[in-house]
1. Determine the principal axes of the Cα atoms in the chain, then give the extent along each, sorted from largest to smallest and rounded to whole angstroms.
2. Relative to the compact-globule scaling 2.2 N^0.38 Å, provide the ratio for the alpha-carbon radius of gyration of region 412-479.
3. Roughly how many whole Å is it from the C-alpha centroid of region 78-113 to that of region 254-331?
4. On a 1.4 Å probe surface of the protein chains, which of H430, H52, H92 comes out largest in accessible area, and what is the full order?
5. Using a 1.4 Å probe over the heavy atoms of the protein chains, calculate the carbon and sulfur portion of the accessible area of region 370-520 as a whole percent.
6. Could you give the length gained on full extension between V387 and E305, defined as 0.36 nm per residue of separation minus the Cα-Cα distance, in nm?
7. Sum up the charges of everything whose Cβ sits under 14 Å from the Cβ of Y108, counting Lys and Arg as +1 and Asp and Glu as -1, but leave Y108 out.
8. Quick check for you: with a 1.4 Å probe and neighbouring chains kept, what is the accessible area per residue of the chain, in Å²?
Amino acid sequence: MAMPCADLLIVGGGSSGAALAYEAVRRGLKVTLLEAEDPAVGTSSRSTKLLHGGVRYLELAVKKADPAQFKLVREALVERGHWIRQAPFLAHTLNLVLPTEGLIERSYYRLGLGFYDLLAGSAGLGATSSLNAEGVQRAFPGLDRRFNGGVRYSDGQFNDARLNLLMLLTAAQAGLEVVRDCRVVGFERTDGRLSAAISEGPGGEQQRWPARVIVNATGIAADQLRLLAEPDAEARLLVSRGTHLVLRGNLCAGGDGLLIPRTSDGRVLFLLPFFGRTLLGTTDIPCPAAEATKVSDQERTYLLEYLARWFPDGTTAEVGSAWAGGRPLIRAAGSSASSSRLVREHEVEQLPSGLISLLGGKWTTCRVLALDALQVVLARLGGPEPVAKPLPLLGSAADSDQTVPQLLALRPRLQQQLPDHPQQGAQADHLIASYGLRAEEVIHHARHPTELEPLSEVLPICRAEWRFNIAQEWATTATDLLSRRSRLALLDQQETARLSAMASELLLDSGSTSPINHQQ
């Protein structure tokens, strides 16, 4: 079957592809997005869950007087506020504490983080403040008592996989065509320029996708698609693996996150509250793209050793889950810089074949990358630049200022509709934090009241939620349900294994047999 020609064909359904699709649809373009597996299956669901300017980048910017680093931090601070406003149920302000051992160190960090606030300007989330020894111990009871104070500052925390999915779902309702489980294996050319992509489905079936413009938004796999378009193209990316551990205990008792500012590989480490548990990460190990999600024993040991240095009294908790993702870092030809020293800049590259590639960047600034790419796409298409129409994210109010008040009004109504059980309040919070104002739609997918009963004490997911994920959110596998529609797999791998067969049975009961999901 011949597919109609799209204005824009995007290959890759991670954060940069999703952001580009969303912004292009807002401007009236006819857009198709092809995803090889499930949206956000790779790096975009495996971040440290922070929306942040980058304290480490700011320090490097000051030490090297590097305008590129300053620009990156400033952009990210503005974008941090954008996401918190647009989807406050998925993104929120998080205070972080940087412990210090003396007045000189505390003054140094207070000055630097004050500059961080200054760069944020009107997009600031809260002023930096100092903590005494008692305040630091109250926030982190097991922390080494050599720290006699600290500095508290604000950044953002978010649910990366669900925000990624939400951009695509919203754009799909406005006309975007999304096709998952659809891997691009080749291109067609007209007069030497790319004019169509050739995809292959799970059964080996091939499909032709003509488009006026084709964009490569495959993240750490971008070089593979570039070489498919032009076999003599020079590789541009260095992949750096970031590994995270999730501890079953909550070491962030006060609700703040902890920043460990100095490590042997030049990165900072974070200890963050995460669904009632503790997220520890991240490492920085250059690796082949194919090994970006593999957690090594070396990285696990590295993280736990640093944790023991900062929490030496035996309060370190059992590891419930470990996972990793790759960063797509742009490397100049012949560069020998370590991955921890490369700036998280982005680039919109155009190859002679016509392929546009989105290179580098990070989650917080994916919209900036998308808007830069959109300018290139629109120039290629020609004609006047279309005006962007309002397109509130699903789960948010039409007026973003009204989302939080409406969520507060929704919670008691939602709780009344849930079964009476000890997790009732937590379940209402979970549904709102995942689906926003669509939370009531989720519970209406229950075929029987028992399908609203929580299936796990770790995370109060229920069968009705799975039915909603399948019917409305393109989930086709147990991994989709447990890793990205909910985040249980990132919290507890044993609990995930226990529920995996149950999720697979419900998928069969729901009749979810087709791996291809087109526009909803």
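The values are calculated or read from the model by the stated rules, or taken from the named source; none is laboratory data. No experiment lies behind these values; they were computed from the predicted model shown. Every residue, glycine among them, receives a Cβ derived from its backbone with ideal geometry; neighbour counts consider all protein chains shown. When the accessible area is computed, the model is the full protein with side chains, heavy atoms only, and any ligands, DNA or RNA have been set aside. Shrake-Rupley method; radii C 1.70, N 1.55, O 1.52, S 1.80 Å.
1. Principal extents (Cα only, largest first): 68, 61, 45 Å.
2. So region 412-479 has a normalised radius of gyration of 1.01.
3. Measuring centre to centre over Cα atoms gives 19 Å.
4. My answer, sorted largest first, is H92, H52, H430.
5. The value for region 370-520 is 52 percent carbon and sulfur by accessible area.
6. 24.2 nm
7. +1
8. It amounts to 40 Å² per residue over the chain.
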